[in-house]
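Take a look at the structure set out below.
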């Protein structure tokens with residue numbers, strides 16, 4: 001049983017941000033009805049191999065031509081009987097189809113209606129097309145990405161702006177549903193933009209930047225003893241010694257005690273500004289032993305270090321296996337909803353709600 | 001009025017992931033009571049300038065020594081009168097303090113109790129310390145970060161694993177509160193880990209990787225006509241031409257028509273594998289004009305391009321200003337909750353619920 005059982009979501013989204021959000025609703029037990037157009041459906045079916053199946057296999061599927069009057073009337077009926085509508089068209093399209101927020105409110109005044117778009121439903125960039133990278137660019141995340149001494153690089157690995165919008169859309173819809181359940185109030189219109197969702201994740205860096213008087217990128221993003229370091233056997237280890245106690249333990253463990261006597265390195269801020277010197281030294285040390293030798297050495301002390309998993313290491317990682325964080329389904333790997341939830345039973349045993357762990361945990 | 005008005009959250013978290021989550025509750029109208037220890041409180045007060053104020057200024061504050069019997073009893077009273085507890089200690093600490101989930105369920109069987117930790121409440125890595133980078137490493141995100149032809153680099157700019165956990169914790173707590181409001185059921189225990197939250201954001205790349213038969217990093221992460229390119233005046237423009245129609249328009253607009261005749265570049269997958277050739281050519285073209293010249297040229301056609309904002313550009317960006325996405329508060333800049341919500345009024349005007357836009361919108 002999922003916590004969202006009994007909630008019905010109509011999903012008019014394609015590609016990544018919308019379907020990732022509605023997939024969360026499906027994983028949590030909601031009934032999600034994905035509506036696709038007749039001519040080929042969601043473009044992700046063709047564009048990115050594997051993506052469509054991953055995001056949509058837990059949803060019901062309905063094909064509707066939203067320019068056809070009889071199909072429009074099917075959608076109207078569905079909206080009258082649903083709790084949530086999530087759509088991801090460019091701003092203005094839903095209005096032109098006759099399903100703008102005012103029209104839909106007349107069908108179902110309690111509906112939570114969520115629009116996900118690149119730049120939001122208003123403003124000078126509203127009608128511009130875009131991909132994840134463009135939203136990272138406008139939000140400031142791209143500007144601090146890449147090497148501390150280099151220019152902006154699309155180097156973060158994953159689709160941050162797309163996924164930030166998925167999660168903020170989910171939060172907003174759940175907040176509105178909760179408000180409705182508690183106060184029996186009308187529905188809510190929710191305007192999620194990818195760029196503002198990315199900007200929200202950028203906000204801690206913005207606060208830090210101004211509090212530190214606008215440092216140059218090399219000082220702001222440089223990190224000493226914080227990075228991925230190559231080992232003797234061609235693998236990588238991640239080391240993240242921010243706090244003084246970890247920095248001291250690390251220097252003592254790898255034979256860098258002389259760094260503890262030098263004023264250049266005696267605070268985290270100084271280790272950001274003098275990161276290059278520290279990191280060149282660490283690189284020269286870490287390359288001398290294999291990953292498993294280092295993990296064994298660091299395992300003797302309390303340090304924030306870990307292996308760097310490549311994608312094909314993930315299903316073999318003992319911790320991720322133990323947590324059922326990545327599971328085999330047929331010949332595919334699947335990452336389930338990442339949070340474990342258990343019903344609390346006061347005075348008695350804990351009943352499992354969903355996403356339970358591997359037996360013997 | 002916020003959608004979470006009437007919800008009380010007890011916040012036993014420090015640094016970034018927990019406080020970012022509880023800040024969302026505060027922004028949406030919940031009453032959040034942040035509990036800090038007497039000797040200096042949340043370490044973020046010292047560690048990262050600006051961070052504490054950004055994350056905690058909308059919360060009530062309470063100082064409690066959780067080893068003191070009288071302070072313990074204050075916390076017990078508070079938990080009896082609250083809806084949510086969010087804590088971020090290393091696994092086992094709350095049990096040792098006498099506030100483990102079973103103890104707390106006896107105080108308030110309806111409480112939603114959420115633990116946020118690096119590796120979760122079980123499994124072989126449970127007790128290891130860690131920072132954002134280590135969780136990115138174990139989740140596989142670090143392995144695909146950095147340049148397509150290079151090794152893993154901490155180059156994404158923001159704290160992805162920390163923030164992913166904040167958002168998944170918020171989603172899970174809201175889901176549990178909604179379930180309780182709809183079914184009048186008992187409370188729920190929620191176990192959020194940073195590494196599994198990051199892994200969930202990695203899941204689209206995992207699906208794509210296996211569907212494409214495990215490509216090498218250079219083929220998997222290389223992107224032609226998708227990146228930040230340096231302009232004549234030392235600024236950057238982001239270009240993200242994934243779809244054929246955008247690729248064709250782009251080549252025609254910048255004088256790269258010969259690329260449209262070459263089989264090496266006639267699909268997105270091929271433009272990933274042959275990204276270097278494309279990007280060297282684009283770099284040589286984009287450097288010839290200024291950012292504003294390029295924005296004006298690209299503004300005439302429908303293309304996914306945008307300026308790359310540096311942090312100190314954000315408050316001047318006309319779109320972000322229009323959307324009230326970043327606002328001045330005293331002498332600080334603040335990023336409010338990024339989603340606009342409006343109460344739906346069927347058959348009448350739309351009433352503003354919160355986070356309304358600039359007048360004249």
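Rule-based calculations on the coordinates, nothing more; no lab input. All values derive from a computational prediction rather than experimental measurement. Quick reminder, even Gly has a Cβ in these numbers, built from the backbone with ideal geometry, and neighbours come from all protein chains shown.
Remarks
- Three-way shape label, the stretch B:8-202, alpha-carbon gyration tensor, a/c 1.5: prolate
- Å³ per residue enclosed by the Cα convex hull of the protein assembly as shown: 157
- Note on the stretch A:222-307: percent of Cα-Cα distances in each 10 Å bin, starting at 0 and stopping at the bin with the largest distance, equals 19, 57, 23, 1.
- Averaged over the residues of peptide A:42-55, the number of Cβ atoms from other protein chains lying within 10 Å of each residue's Cβ is 4.
- Build a GNM of chain B with springs between Cα atoms under 10 Å apart, and of B:205, B:37, B:288 the one that fluctuates most is B:288.
- Inter-label distance, nm, simple model (7 Å from Cα along the C-beta direction), residue B:328/residue B:232: 3.3
- With a 10 Å cut-off around each Cβ of A:190-197, the average count of Cβ atoms from other chains is 6.
- The stretch B:82-134-the stretch A:157-195 distance, computed between alpha-carbon centres (Å): 26
- Per-residue average of Cβ from other chains inside 10 Å of A:234-245: 4
- Set of the stretch A:299-335 residues, backbone N closer than 14 Å to the point 7 Å along the Cα-Cβ line of residue A:292: A:318
- Among B:128-135, A:137-144, the order from most to least packed when residues are scored by Cβ within 10 Å on average: A:137-144, B:128-135
- Think of it as helices only: each DSSP H run of n ≥ 4 in chain B is worth -39500 (n - 2.57), and spread over all residues that comes to -11500 deg cm²/dmol at 222 nm.
- Between 0 and 90°, nearest 10: helix A:69-80 axis offset from chain A longest Cα axis: 70
- For the stretch A:1-112, the gyration tensor built on C-alpha atoms gives an oblate shape. Its axis ratio a/c (a ≥ b ≥ c) is at least 1.5, and a/b is not larger than b/c.
- Bridge type composition, the protein assembly as shown - antiparallel percent by DSSP, nearest 5: 45
- Ranked by how many other Cβ atoms sit within 10 Å of their own Cβ, fewest first, the residues A:162, B:262, A:102, B:39 fall in the order B:39, B:262, A:102, A:162.
- In degrees, nearest ten, helix B:244-254 long axis to first principal axis of chain B (Cα): 60
- Annotation: the antiparallel percentage among DSSP beta bridges lying fully within chain B is about 40.
- Rounded tilt (10° steps) of B:275-286 against the dominant C-alpha axis of chain B: 80
- Percent of Cα pairs in chain A per distance bin of 10 Å, from zero to the largest separation: 5, 19, 25, 23, 17, 9, 3, 0.
- With Rh defined as the Kirkwood radius, the inverse of the mean 1/r over Cα pairs, the Rg/Rh of the stretch A:273-353 is 1.15.
- Taking other Cβ atoms within 10 Å as a rough exposure proxy, A:191, A:95 sort from fewest to most as A:95, A:191.
- Backbone N atoms of the stretch A:16-47 closer than 13 Å to the 7 Å Cα→Cβ label point of residue A:61 belong to residues A:34-46.
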